[in-house]
Amino acid sequence: LESIPKMSLQAMSLHRSPLAHSPLATAPSRGSPSALQSMGLACGTALVAVNFTHPIETVKTRMQVGAFSFSTMMKEEGFAALWKGIQAAWLREASYTTVKLGGYGPIRDALGAKDKNAPFYLKFFAGSLSGSIGSVFGNPFDVMKTMMMSNSGKQTPLPALMGQMYKDQGIAGFYRGITANISRACVLNGTKMACYDLIKGKVSDKFGWSRKDVRCQFLSATGAGFFMTCTVSPFDNMRTRLMNQPTDAKIYNGMIDCAKKTLKQEGPAAFYKGFFPIWGRFAPQATLQLVIMDNFLNLMGFDTI
């Protein structure tokens with residue numbers, strides 16, 4: 001064996017390795033993707049993940065807007081009711097999540113926070129900024145999605161609902177709840193992306209797993225999903241209330257007014273109404289989005305988040 005060159009031994013070792021022919025094996029990293037490449041991969045990620053998490057979002061929204069019984073929903077509306085508003089959800093994901101998820105890496109790198117030991121506040125700021133920008137693009141579809149999900153009667157087609165909104169309130173109607181939505185996206189994406197990035201570093205150091213290892217990604221995404229639920233629940237509740245106002249009426253004059261009326265009429269616990277469905281939606285959504293996104297990046301030969 002001593003006469004066999006070291007390079008030959010390395011080649012033999014690689015040939016025998018079970019990862020050598022694995023579909024997860026990739027070429028050497030090409031570095032970070034461009035902003036457009038990152039957002040393109042994020043769009044594909046979001047459109048896949050939303051189909052699995054939309055039913056939980058529907059239940060969460062129904063709980064937030066009033067009395068809710070799952071058995072009654074199934075009896076009166078059928079199983080398909082869980083996917084009410086999915087058309088608006090696709091458009092929302094293609095706009096909002098494309099920017100919030102795909103924009104994080106480029107913004108983080110521009111801030112010099114790519115290293116695992118970079119300050120948490122820089123990672124949080126990168127996530128907050130990409131989430132805030134994304135929410136502006138996605139707000140019209142968020143409004144439509146919320147109204148369609150909360151409607152327990154006959155579903156109005158998306159084009160007709162948009163037409164009615166424009167007729168009653170003009171363009172401004174599509175941006176109802178924008179303040180609460182930006183605040184929510186800022187806190188949500190800042191917490192989600194920064195915690196995921198930070199936890200990945202800790203998990204990688206603790207267990208010796210690569211940041212590309214799906215075990216590291218899954219554990220980190222699950223932790224990020226829990227922390228983002230804790231921080232975003234109050235904003236999510238206010239956003240739902242603001243967006244679910246009738247097209248021909250205005251119950252709240254913005255986020256502050258909504259918060260005051262909610263606190264006065266229902267108490268502080270109302271801000272965490274539907275916490276477990278929110279967690280039940282955010283945890284799998286964060287896990288699906290982040291794991292799928294990281295594996296898309298990996299398969300394309302880019303650095304993961």
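Points to keep in mind about this one:
- Among the candidates Gly170, Gly112, the residue that is among the small types (Gly, Ala, Ser) and farther than 29 Å from Lys212 by Cβ is uniquely Gly170.
- For the stretch 40-73, the set of residues classified as open to solvent by 50 Å² or more (accessible area, probe 1.4 Å) and either under 24 Å from Pro234 (Cβ atoms) or not polar (S, T, N, Q) (or both) consists of Leu47, Val48, Phe52, Ile56, Met63, Val65, Ala67, Phe68, Phe70, listed by residue number.
- Scanning the stretch 255-305 for residues that are over 23 Å from Pro33 (Cα atoms) and in contact with a Gly (Cβ under 6 Å, 6 or more places away or on another chain) yields Phe282, Ala283.
- Residues in the stretch 135-163 that are of a type in the set (Lys, Arg) and either in a helix (DSSP H, G or I) or at pLDDT 95 or above (or both): Lys145 only.
- Here Lys200 clears all of (1) assigned to a helix (DSSP H, G or I); (2) more than 20 Å from Ile278 (Cα to Cα); (3) open to solvent by 10 Å² or more (accessible area, probe 1.4 Å) except the condition numbered (3).
- Flag for Pro119 being closer than 22 Å to Thr240 by Cα and of a type outside the set (Gly, Ala, Ser): no
- Tallying residues that are open to solvent by less than 20 Å² (accessible area, probe 1.4 Å) and of a type in the set (Lys, Arg) within the stretch 253-305 yields 1.
- Meets criteria (out of contact with any Cys (no Cβ under 7 Å at 6 or more places or on another chain), modelled with pLDDT under 90 and either open to solvent by 10 Å² or more (accessible area, probe 1.4 Å) or not in a helix (DSSP H, G or I) (or both)) for Lys212: yes
- With respect to (1) under 30 Å from Phe70 (Cα atoms); (2) surrounded by 17 or more Cβ atoms within 10 Å (Cβ to Cβ), the lone exception for Phe125 is condition (1).
- Selection of the stretch 149-166 for residues being open to solvent by 60 Å² or more (accessible area, probe 1.4 Å), under 13 Å from Thr247 (Cβ atoms) and without any contact (Cβ under 8 Å) to a residue 60 or more places away in the chain yields only Tyr166.
- Among (1) more than 26 Å from the chain's Cα centre (by Cα); (2) of a type in the set (S, T, N, Q); (3) over 21 Å from Phe68 (Cα atoms) - the single one Gln265 does not satisfy: (3)
- The residue that is least open to solvent (accessible area, probe 1.4 Å), counting only those in the stretch 78-109 that are without any contact (Cβ under 8 Å) to a residue 12 or more places away in the chain and assigned to a helix (DSSP H, G or I), is Ala80.
The values are calculated or read from the model by the stated rules, or taken from the named source; none is laboratory data. This is a predicted model, so every value here is computed, not measured. All Cβ positions, even for glycine, are placed from backbone atoms using ideal geometry, and neighbour counts span all protein chains on display. These accessible areas exclude ligands, DNA and RNA; they are computed on the full protein's heavy atoms, side chains included. Shrake-Rupley method; radii C 1.70, N 1.55, O 1.52, S 1.80 Å.
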